[in-house]
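Take a look at the structure below.
The values are calculated or read from the model by the stated rules, or taken from the named source; none is laboratory data. Here the structure is a predicted model, which means the values were calculated and not measured. Cβ atoms come from the backbone with ideal geometry, glycine included; neighbour counts cover every protein chain shown. Note: areas computed on protein heavy atoms with side chains; ligands, DNA, RNA excluded. Shrake-Rupley method; radii C 1.70, N 1.55, O 1.52, S 1.80 Å.
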Amino acid sequence: MRWSPYPLTEALMPHLSIAPILLPLLAACLMLFLGERRQRAKTGVSLLATLLNLILAVLLFQWTARGDVQGTYSVYLPSNWDVPFGIVLVLDRLSALMLLLVGLVGLMALLFAVARWHKAGAHFHPLFQIQLMGLNGAFLTGDLFNLFVFFEVMLAASYGLLLHGSGPARVKAGLHYLSINLVASSLFLIGAAMIYGVVGTLNMADLAAKIPQVSAIDRPLLHAGCAILGVAFLAKAAMWPLNFWLVPAYSSASAPSGAIFALLTKVGIYVLLRLSTLWFSPQAGESAGFGSAWLVWGGMATLAFGALGMLASQRPARLAGYAVIVSSGTLMAMIGLGRPEVTAGALYYLPTSTFAIAAFFLLTELMDRSRSADPGAHRRPEDEEDHLPFALADLELQQGANLDDDEELLVGRPMPASIALLGLAFIGCTLLVAGLPPLSGFIGKFAMLSALLSTPDTGGELAHITWTLLTLVVLSGLFAMIALSRTGIRFFWAPVGRAAPMLSSVEYLPVVVLMGLCVFFTVRAEPLMRYAHDTAQALYQPQGYIHAVLSAQPKATPTNVERLRAPTAPVQP
């Protein structure tokens, strides 16, 4: 008889919804008490907490996928107050998908870090757990104020992780990163305050129910508050021109920090998708579709900027940073169209692109280390310049090497296993980031573009948007393939006198697992695409979300008066 986790999960719901927030918080507190000298114990606690976080995410994902679209909401009231006055945590298909994404990428990044990077500075493991807590909380919260709280928790941890390992490059990038996020946080507060002043609530579901009732006099002020709030989210989602900070910050961070940072932009994408479908649905009256045109055109500008940035870069870490921008631009443009079938393709593309970029960030560390495998090499990757097409000045060719058509020095030359493994991983990342067949990156782009072209050509602006976006997606894949192929030639083909690097299995395993997840998405594309379609259908029918939240009732508890009036048992002599 096959065991099923559903009865156990059902028995623990809705209390299980708060576990992804409490677990990393308790683990971080415990590790602070352990101190810096007990690294082995802290590593064990961190790994155990991250593994349990992944198990919780899997259970919650399975719970949301078990039934129909309308019955997959779990509302938890931690303070046991009436809605909309108290804290609300909401679990649905979209938040469960994002929790699973955090659990998988977080565990792989931590496995990579325990090989060496967690010892490069103080408090890596507590910061890492606080980062997971902020991410999970942002995906679960149901009101704007607590979204701001979890944003700040997430950003505070990211400041420490960005500076982990020290160095002038990280400090310089960290100051820029800190400044832009402080400005974004200020805009977040201003926008939330304006919305509260107009509507009188910060609960997302309650806002969705009250926005259609806003008077015509107050609606411009509401739209201004939403626009200011949107700027904060767009800065986190890396929309051009608000993304100037991303590539220097992400490329300067350590490899495991860069991998977990790939999730931060997805928080902005998640909030934009959640609020646009919830607040500005066709039922929102005059506010229906507010800001969608900005998302579409801003997403296309971001996609073009990221594609040109990849074509102009040669350092693998900078390529990975621009790949984040390309992914965000693609998702923003597709979401801005407001079409469920296109959004379904974007929801399939979101996790697979995140896995690929996270694996690429981890792989860049191994590739940069391979360039300094020769004991006589003193070049640092951060000092490398990007001004030559194939970095001809850095090629380490043997004196008198014969590079004619006969290739006498290359035929029969054995390839070290470490170089072969790195090369295979790089080829896989190239296929995924560029969206080439047969892996899931191609399936995700094909699903979005086929849904984009499924609408009859009505002419006008819609046709121009469709063909412009299709052209940009195709060209971004072409530019990514050119840039990554050029980098592959530099690192794996041109150098012939370089010593083979030492490749640790603990560091290589996370890269393999993340790429294996993309292969799994390829093999299981049909059920995963079905889940994405159900998620998109639920998002564009926000009545289920609104009803589930507003109908949640606190647990009845006796008041002090009732306790005093209750009869007491007689005292036995």
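Quick check on segment 138-215: what are the equivalent-ellipsoid semi-axes from the Cα gyration tensor, as sqrt(5λ), descending, whole Å?
Ellipsoid half-lengths, sorted descending, are 34, 13, 7 Å.
Solvent-accessible area per residue for segment 91-143 at a 1.4 Å probe radius, Å²?
Working: 980 Å² over 53 residues.
The answer is 19 Å² per residue.
What does the convex hull of the Cα atoms come to per residue for segment 236-358, in Å³?
Working: hull volume 10.7 nm³, N = 123.
So the per-residue Cα hull volume is 87 Å³.
In debye to the nearest 20, how big a dipole does segment 97-248 give about its Cα centre with +1 on each Lys and Arg Cβ and -1 on each Asp and Glu Cβ?
Charge dipole, segment 97-248, about its Cα centre: 500 debye, nearest 20.
Rounded to whole Å, give me the distance from the Cα center of segment 267-307 to that of segment 531-549.
So the two Cα centres are separated by 17 Å.
Within 10 Å, count the other beta carbons around each residue, average over each peptide in 214-224, 266-276, and list them highest first.
266-276, 214-224
State the percentage of accessible surface on segment 271-354 attributable to carbon and sulfur atoms; use a 1.4 Å probe and exclude ligands, DNA and RNA.
Working: 1400 of 2060 Å².
On segment 271-354, the fraction of accessible area on carbon and sulfur atoms equals 68 percent.
When only C-alpha pairs under 8 Å and at least 6 residues apart count, what is the relative contact order of segment 133-214, in percent? Each step should come with its number before you reach the end.
Details: 54 pairs, mean separation 25.9, N = 82.
Taking the mean separation of contacting Cα pairs over the length of segment 133-214, I get 32 percent.
Could you give the dipole magnitude of segment 37-95 about its Cα centre, charging the beta-carbon of Lys and Arg +1 and that of Asp and Glu -1, in debye to the nearest 20?
So the magnitude is around 660 debye.
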